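Asks: Mind having a look at this structure? Questions to follow.
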Amino acid sequence: MTVALSKRGEVEPFHAMDVLAEANRLRAGGTPVISMAVGQPSDPAPLAVREAAQRALVDGRIGYTDSLGTASLRAAISKHYAEHYGVDVPASRIAVTTGSSAAFNLAFLTMFDPGDRVAIAAPGYPAYRNIMAALGIDVVEIELEGAPFLDADHLAAAYAEKKLKGVLFASPANPTGALVPPAELERLVRTASELDIAVISDEIYHRLSYAGPDVTALAFDNDVTVINSFSKYYCMTGWRIGWMVLPERLVRAVERVQQSLYISAPELSQTAAVEAFGATEELEAVKARYAWNRDLLMQRLPELGFTLAAPMDGAFYAFCDVARLTNDSMEFAQKMLAEAHVAATPGRDFDPLQGHRYMRFSYAGSHDDMVEALERLDRWLR
Ligand SMILES: Cc1ncc(COP(=O)(O)O)c(C=O)c1O
């Protein structure tokens, strides 16, 4: 029997997931690995979320929902925009998705055709590039070359070289943690609008900023597509639940594609997620621990030779220039895991050109783990 293998399946691996798999394998064999490789909160989902899920399980019936999501979750998300950002987003423009990962697929499929040119920043979250490449979209990587974030001038310069159909950016960003200041975000959105470039704003790290406000791109234009998720601030990675805020004209297209690709996001997670917006006190305590971890890493990583390559304004990442320690961060990460039992992500995931000299450390774990990881690195490097 012939096994068919498409070109699309040749997409780059997500190396952070490979490092995680190796860390899990070592752990299963009894090695006490500390993982700073994956952007995953170590806390469980808020109590009210878990209780709502328990009630739903006892009630028993968990089925498909409307493709765009349950009315109660869409209403809760709409209320969140009014309360947190002071922005009016009707529930009718919200699509609930299977994590923001599914939202990327839906956005790319409904907004772009094969061959369309879409800009992203390098370094940036690897799935943007990998999903678009698999879909035949022409990914235009704008090298930031030390600039903290992608700005209006980068976008205009890339457009001047050749027309762009879209741009996708995140603030706070992965892997840099950089936060785009409100005035710069406004300039970026307005420049895109003037050049007829569709905007996707990945706001998954909102509510995790330490150095300024997290302003939604929707504050500047109703026609941007916003992608967000319960994974990060709300500590719900494994629940696979996220959302999109869509321009009016995109809603039906997203609904049609979602009907066929996913039918709907899981009902259990949707029911539970309604409670997440009420858990601010619990979640702010988790965020305070990230801030404590951040202070420690900001001080200790440079002392160990991991030069900070970005300001650590938000999310829970330290993006480090490791050129003083290696010129092959992939090999360095493997060795660090095998010998120091600390997992971190090689920069290659985020930037195929310059990634060999960078590494990303996630500080979403416990404070004790951060302290221990830094001690191990100190011993290992000596
Ligand atoms: C910038 C960014 N966007 C999206 C995602 C995907 O998150 P999820 O599919 O869990 O919502 C991640 C995960 O690490 C991320 O860092």
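The values are calculated or read from the model by the stated rules, or taken from the named source; none is laboratory data. None of these values were measured; they are calculated from a predicted model. Positions of Cβ are generated from backbone atoms using ideal geometry, with glycine treated the same way; all protein chains shown enter the neighbour counts.
Asks: Working carefully through the options 155, 164, 144, find the one that is away from the ligand (no atom under 13 Å from the Cβ), at pLDDT below 95 and surrounded by 18 or more Cβ atoms within 10 Å (Cβ to Cβ).
Replies: Within the list 155, 164, 144, the selection yields 144.
This table checks each residue for (1) crowded, with 18+ Cβ neighbours inside 10 Å; (2) among the basic types (Lys, Arg); (3) assigned by TED's automatic domain parsing to the domain that holds residue 16; (4) more than 25 Å from residue 170 (Cα to Cα).
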site: 274; (1), (2), (3), (4): yes, no, no, no
site: 306; (1), (2), (3), (4): yes, no, yes, no
site: 310; (1), (2), (3), (4): yes, no, yes, no
site: 326; (1), (2), (3), (4): yes, no, yes, yes
site: 369; (1), (2), (3), (4): no, no, yes, yes
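Asks: Restricting attention to helices (runs of 4 or more DSSP H) lying wholly within segment 1-95, give those where 3 or more residues are farther than 21 Å from residue 279 by Cα.
Replies: Details: elements: 15-28, 47-59, 71-80.
Result: 15-28.
Asks: From the list 60, 69, exactly one residue is over 15 Å from the mean Cα position of the chain (by Cα), within 29 Å of residue 238 (Cα to Cα) and touching a residue at least 12 places away in the same chain (Cβ under 8 Å). Which is it?
Replies: Exactly one residue qualifies, and that residue is 69.
Asks: Within segment 218-242, how many residues are of a type in the set (A, V, I, L, M) and more than 14 Å from the ligand (Cβ to nearest atom)?
Replies: 3
Asks: If you don't mind, there's one more thing I want to ask. Any residue in segment 23-51 that's under 17 Å from residue 230 (Cβ atoms): show its pairings with residues that are within 16 Å of the ligand (Cβ to nearest atom) and assigned to a helix (DSSP H, G or I) at Cβ separation under 6 Å, as long as the two are six or more apart or on different chains.
Replies: Within 6 Å, the pairs are 38/16; 38/20; 40/237; 49/272; 49/276.
Asks: Here are 173, 192: which of them is surrounded by 24 or more Cβ atoms within 10 Å (Cβ to Cβ) and farther than 30 Å from residue 285 by Cα?
Replies: Exactly one residue qualifies, and that residue is 192.
Asks: Checking residue 183 against (1) of a type in the set (A, V, I, L, M); (2) free of Cβ contacts under 8 Å to residues at least 60 places away in the same chain; (3) in contact with a strand residue (DSSP E or B) (Cβ under 9 Å, 6 or more places away or on another chain): exactly one of these is not met. Which one?
Replies: Only one criterion is unmet by residue 183, namely (3).
Asks: Scan segment 99-111 and report the pairs whose first residue is without any contact (Cβ under 8 Å) to a residue 40 or more places away in the chain and more than 12 Å from the ligand (Cβ to nearest atom) and whose second residue is aliphatic (A, V, I, L, M) and part of a helix (DSSP H, G or I), with Cβ atoms within less than 7 Å and a gap of 6+ or a chain change.
Replies: Pairs found: 108/131; 108/132.
Asks: Of everything in segment 195-211, what is over 15 Å from residue 151 (Cβ atoms) and either under 20 Å from the mean Cα position of the chain (by Cα) or crowded, with 21+ Cβ neighbours inside 10 Å (or both)? Give them in sequence order.
Replies: Passing the criteria: 198, 200, 202, 203, 204, 205, 206, 207, 208, 209, 210, 211.
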